[in-house]
1. For the range 238-264, which residues satisfy the criterion of being away from the ligand (no atom under 16 Å from the Cβ) and either free of Cβ contacts under 8 Å to residues at least 24 places away in the same chain or β-branched (V, I, T) (or both)?
2. Say whether the condition of being within 16 Å of the ligand (Cβ to nearest atom), assigned to a helix (DSSP H, G or I) and either in contact with a strand residue (DSSP E or B) (Cβ under 6 Å, 6 or more places away or on another chain) or over 28 Å from M57 (Cβ atoms) (or both) is met by at least one residue in the range 173-191.
3. Against the definition (more than 16 Å from the ligand (Cβ to nearest atom), surrounded by 14 or more Cβ atoms within 10 Å (Cβ to Cβ) and not aliphatic (A, V, I, L, M)), how does C146 come out, yes or no?
4. So for the range 201-210 (the condition being modelled with pLDDT of 95 or more, surrounded by 14 or more Cβ atoms within 10 Å (Cβ to Cβ) and in contact with a Lys or Arg (Cβ under 7 Å, 6 or more places away or on another chain)), does at least one residue qualify?
5. Just for the range 142-158: of the residues that are in contact (Cβ under 8 Å) with a residue 60 or more places away in the chain and out of contact with any Leu (no Cβ under 8 Å at 6 or more places or on another chain), which one is farthest from P262 (Cα to Cα)?
6. Sort out which residues of the range 223-259 are surrounded by 16 or more Cβ atoms within 10 Å (Cβ to Cβ) and not in a helix (DSSP H, G or I), and write them in order of number.
7. Quick check on the range 204-237: of everything there that is free of Cβ contacts under 8 Å to residues at least 60 places away in the same chain and under 20 Å from W159 (Cα atoms), which residue is nearest to the ligand (Cβ to nearest atom)?
8. Which pairs have Cβ atoms under 6 Å, sit 6 or more apart or on different chains, and link a residue in the range 165-187 that is within 19 Å of L248 (Cβ to Cβ) to one that is within 9 Å of the ligand (Cβ to nearest atom) and outside any loop (DSSP other than H, G, I, E, B)?
Amino acid sequence: MFELSQPESTEGPLHFPLDGGRDLASTPVIEVTEDGRTLDSLLRICYPVRPPALDQMWHVEQVLEAATKYQMDWALHSTREALSRIAEEEPISVYAVACRYGLHVETSQAAQFSLSLPVTTVIDSLIHEGVAGEPFRVLMKYRSECQAAALSATETWLWTINMPKQFWTTHSCCTRTTVRDRTGRVYHVQPWWIRYITMVAKALRDTPSEDVVDVREALGLYMSDGRGTCGRCLSVAVDHITAFATKLSEEIAEGIAKIPFPSL
Ligand SMILES: [Zn+2]
């Protein structure tokens, strides 16, 4: 900050009257472009007073810009923390700002949170935020790679083999159908299970996130399939389907977590 250029003084060294009064005429004045709220937040970060509420994106960006301009490291740190906090609720807004300021950690966090949004919302928001060129291309490529990783859990089912609870494949009381996963491996499952996996795969193509797994939807398909009338299966359905939904969600999340977000 002290390396910034200072205005030339025609009055010599700063003059502070001993009586505590203000000698405004001889006080150097530096014109700044920031508004009062931005400067208030910036100074609150630096002084031992109540910290500013950095919870609105437009304000965080203004403080971030000022912190960068004046090389105020602690204020910069605080605004980056604010971006991380806001990223889950407003991932594309945070992505846009983080890209502009070259903040890789926050860019990556925002990109991950954006996976929970439908693709049309992401594209509309990127356009609205003025994100174009390389940042746009990189985010969409990352999303595509995450989608492929997430879909893997619905296309190859080897991960289900060691699950102890899956009445839809172990019970012989109800009709099972024979299906193959993408690798050609054969599985014998109740029809509702295939319908549910297909439903999850369709949802992942639009929203590549473990959030698409909903145990209530799986239970609904099981019940609507008429399987709810078999007492043997029904007695374990909630327990087994809940365990399956949890495991499926974990598989999707692990697949996505392996995809690194590239440096911009
Ligand atoms: Zn049964």
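The values are calculated or read from the model by the stated rules, or taken from the named source; none is laboratory data. Computed from a predicted structure; not experimentally measured. Using ideal geometry, Cβ is built from the backbone for each residue, glycine included, and neighbour counts are taken over all protein chains shown.
1. Passing the criteria: T242, T246, I252, E254, I256, A257, I259, P260.
2. Taking every residue of the range 173-191 in turn, at least one turns out to be within 16 Å of the ligand (Cβ to nearest atom), assigned to a helix (DSSP H, G or I) and either in contact with a strand residue (DSSP E or B) (Cβ under 6 Å, 6 or more places away or on another chain) or over 28 Å from M57 (Cβ atoms) (or both).
3. In short, yes.
4. Yes, that holds for at least one residue.
5. Top of the filtered list is S152.
6. Matches in the range 223-259: D225, C230, I259.
7. A218
8. Listed by first residue and then by second, the contacts come to F167/C233.
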